[in-house]
1. Please pick out the residue among B:Arg266, B:Arg251 that is of a type outside the set (S, T, N, Q) and touching a Gly at 6+ places or on another chain (Cβ under 8 Å).
2. In this structure, does B:Arg78 turn out to be among the charged types (D, E, K, R) and within 19 Å of the chain's Cα centre (by Cα)?
3. I need a count of the residues in the range B:64-107 that are under 22 Å from A:Met98 (Cβ atoms), β-branched (Val, Ile, Thr) and in contact (Cβ under 8 Å) with a residue 40 or more places away in the chain.
4. Of everything in the range A:295-343, what is part of a loop (DSSP other than H, G, I, E, B) and surrounded by 24 or more Cβ atoms within 10 Å (Cβ to Cβ)? Give them in sequence order.
5. Give the range A:202-212 a look and list any residue that's assigned to a helix (DSSP H, G or I) and within 9 Å of chain B (Cβ to nearest Cβ), or say none.
6. Checking B:Thr346 against (1) surrounded by 24 or more Cβ atoms within 10 Å (Cβ to Cβ); (2) β-branched (Val, Ile, Thr); (3) within 14 Å of chain A (Cβ to nearest Cβ): exactly one of these is not met. Which one?
7. Of everything in the range A:114-127, what is open to solvent by 10 Å² or more (accessible area, probe 1.4 Å) and closer than 24 Å to A:Ser158 by Cβ? Give them in sequence order.
2 protein chains.
Amino acid sequence: MSTASTTQAPKGLEGVVACTSKICFIDGDRGVLAYGGIDIHELADNSTFEETCYLLWFGRLPKASELKDLHQKLAAERSIDPGIINLLRNAPKNVAPMDVLRTAVSALSFYDADDKKDDHDANVRKAIRLTSQIAMIVAAYDRIRKGKDVVKPDPTLSHAANFLLLLNGEKPSQTAERALDIALILHADHELNASTFAARVTAATLSDIHSSVTSAIGALKGPLHGGANEAVMHLLKEVDKNNANPVEYVRNMLAQKKKISGFGHRVYHTEDPRATHLRVMSHDLGVASGQPKWYEMSKKIEDFIKAEKKLNANVDFYSASTYHVLGIDIDLFTPIFAVSRISGWTAHIIEQLDNNRLIRPRADYLGPAYPQHWVPIENR
Amino acid sequence: MSTASTTQAPKGLEGVVACTSKICFIDGDRGVLAYGGIDIHELADNSTFEETCYLLWFGRLPKASELKDLHQKLAAERSIDPGIINLLRNAPKNVAPMDVLRTAVSALSFYDADDKKDDHDANVRKAIRLTSQIAMIVAAYDRIRKGKDVVKPDPTLSHAANFLLLLNGEKPSQTAERALDIALILHADHELNASTFAARVTAATLSDIHSSVTSAIGALKGPLHGGANEAVMHLLKEVDKNNANPVEYVRNMLAQKKKISGFGHRVYHTEDPRATHLRVMSHDLGVASGQPKWYEMSKKIEDFIKAEKKLNANVDFYSASTYHVLGIDIDLFTPIFAVSRISGWTAHIIEQLDNNRLIRPRADYLGPAYPQHWVPIENR
């Protein structure tokens with residue numbers, strides 16, 4: 001039904017500029033990713049997740065007092081209503097953590113102190129609160145499903161260290177804390193990726209932050225998005241279990257037209273700059289933990305896919321082996337992506353709400369030509 | 001960052017054709033809405049919600065045996081896990097029904113018999129199941145929050161009649177059943193409206209139906225989308241409570257730059273064909289129930305806004321007074337929209353999954369020019 005008033009877009013809206021944004025800059029040809037104009041490499045080397053949150057939410061790096069204030073606010077929000085813990089306890093123990101996270105975040109709206117407010121400042125408070133709460137939910141459900149106690153948060157710890165404490169019941173090593181902190185920085189935002197776009201489409205009806213973040217979690221779950229890092233680790237485990245040659249294994253998968261997760265990207269035509277860091281982390285943590293095989297296997301697969309299919313590893317490929325050697329369960333990989341991306345999602349939702357227009361495209365109708373007619377059932 | 005490989009789209013993707021679809025035809029210039037090519041007027045006059053569901057899911061009207069089969073399947077799915085009823089009972093009693101619906105639908109995935117399957121047939125089963133379950137959740141939460149018993153479904157009743165039974169605890173009159181049935185037909189689908197688009201964006205990561213429908217419910221909640229019918233009724237109640245002249249009241253709102261919900265539409269440049277039916281229903285039900293004032297008030301506001309602002313009433317405007325004289329609480333208007341739109345959402349999700357491509361547009365970056373630099377905190 002492409003008429004004078006409509007324009008055809010490429011499938012999947014590839015290359016279509018859907019909105020303006022001040023949050024994230026990507027140059028897919030040069031392999032550049034920057035938050036607020038600052039290159040992801042500089043942030044990964046120097047920043048913290050909390051500072052990155054500030055940058056995404058407020059558009060600039062914080063001064064010392066501002067960063068301290070944000071630390072305190074995040075720590076103060078390390079608290080969730082017993083109703084949410086009850087919901088986690090009542091969920092069947094075999095439910096995927098992403099399904100539980102999506103449900104629990106939706107339910108957080110029941111208890112949000114700013115539930116009836118939707119001004120900019122209330123939305124920033126909700127962003128801070130959700131950032132603390134999502135980490136708590138992911139960790140608490142993992143403890144509960146394993147029959148362990150829910151761990152009390154520690155307000156003196158960084159976001160990364162507190163999350164690892166809540167997950168493992170003990171304070172992490174400095175190496176583990178910094179590794180997760182860098183992973184959180186790298187995953188914090190990525191412009192209009194599918195989950196952020198789902199969040200903005202939801203927010204653009206002037207719906208609330210909890211609805212929008214719930215949409216984002218649902219979209220992140222998909223194996224073409226956040227779910228890819230779990231698929232990568234399942235592949236590595238299969239190769240290991242079968243004591244297979246990783247290249248032969250993957251070659252065989254390609255011959256069977258199976259998709260190899262963790263390669264290629266809609267936007268990057270060169271290396272995903274996040275993969276650059278995660279490759280190094282995967283290597284270094286693998287060596288440090290005495291489990292270098294996951295990195296080695298990954299590297300061989302990467303080299304093969306690059307040679308064979310001209311596809312680069314993306315953010316998901318080396319996050320798999322990185323998280324695995326950190327001792328994190330496979331089905332927590334995508335929830336941990338959400339623990340980070342909540343910062344970017346909320347930045348985009350607030351930006352959308354601050355200057356909103358309903359996001360409502362058209363479809364090209366290819367069904368039975370209008371008009372068909374209703375006919376009585378006995379004549380069909 | 002609009003480069004050679006990107007194209008600018010109008011704000012809110014207005015007029016941008018984001019995908020092809022065989023489900024719904026809209027001609028915004030002629031005021032035509034058709035499901036599977038059949039005009040909404042013919043369907044409203046002759047069809048049932050169940051038959052409309054079949055049309056949306058399978059692309060044609062059912063034969064008698066097929067319709068009977070669908071009736072049986074919908075009736076068989078009038079069952080939800082006690083875990084969901086528990087969730088509804090545990091929700092604080094003042095929570096908005098849309099927030100509860102979003103959460104409960106997300107939680108339905110915990111108990112779905114086809115949770116691990118995502119082929120076309122499994123998705124159709126989930127669509128049928130969700131259609132029955134959403135109606136049950138909306139009615140059950142309303143009963144629970146009012147301290148009433150949850151009502152047992154009746155497999156011999158139509159979808160509309162069963163919903164009214166679950167809501168009110170008694171079988172509806174034929175007039176009420178048919179009125180709701182027509183309202184469900186009119187709301188069942190509307191091409192790439194914002195909630196359906198949110199559902200397709202979510203599904204396009206190859207996430208599951210429950211994630212996608214949860215996204216849709218979050219988007220529907222917004223006052224620029226489904227939430228508008230509640231806003232309309234709040235306005236009518238304000239006018240009534242103040243014993244005001246409706247035209248003067250609305251004129252005053254316009255002078256204060258306040259938005260009048262229920263008017264104008266992104267796609268229709270003429271009357272919304274759904275409003276045509278709902279206007280008649282609002283009138284007839286108002287007279288039949290001895291409450292003609294809501295229709296009369298609405299008609300005066302409609303005439304004034306049309307003369308003053310050249311805006312037509314949309315689907316939300318007369319659904320407000322229609323639902324109100326049917327005795328339905330205001331905060332159930334949008335949930336009832338979902339009770340209907342689940343049919344269209346699931347049709348679109350299945351269509352997306354059957355021929356998928358990730359929906360991932362770009363943003364035009366307007367933030368601090370790249371490269372900015374990270375500087376030590378003491379130098380900021």
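1. Values: B:Arg251 fails: touching a Gly at 6+ places or on another chain (Cβ under 8 Å).
Going through B:Arg266, B:Arg251 in turn, the sole match is B:Arg266.
2. no
3. 4
4. Pass one, the range A:295-343, residues part of a loop (DSSP other than H, G, I, E, B): A:310-312, A:314, A:326-329.
If the condition is that a residue be part of a loop (DSSP other than H, G, I, E, B) and surrounded by 24 or more Cβ atoms within 10 Å (Cβ to Cβ), then A:Asn314 is the only one that fits.
5. A:Thr202, A:Ala203, A:His210, A:Ser211, A:Ser212
6. (3)
7. Listed by number, the residues that qualify are A:Val124, A:Arg125.
So that you can scan it fast, the table gives a plain yes or no per residue for (1) touching a strand residue (DSSP E or B) at 6+ places or on another chain (Cβ under 7 Å); (2) farther than 19 Å from A:Ala216 by Cβ; (3) within 14 Å of chain B (Cβ to nearest Cβ):
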residue: A:Lys73; (1), (2), (3): no, yes, no
residue: A:Arg89; (1), (2), (3): no, yes, yes
residue: A:Ser106; (1), (2), (3): no, no, yes
residue: A:Asp142; (1), (2), (3): no, yes, no
residue: A:Ala161; (1), (2), (3): no, yes, no
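The values are calculated or read from the model by the stated rules, or taken from the named source; none is laboratory data. Worth saying up front: this structure is predicted, and the values here are computed from it rather than measured. Methodologically, a virtual Cβ is constructed for each residue, glycine included, from the backbone with ideal geometry; neighbour enumeration extends over all protein chains shown. Note: areas computed on protein heavy atoms with side chains; ligands, DNA, RNA excluded. Shrake-Rupley method; radii C 1.70, N 1.55, O 1.52, S 1.80 Å.
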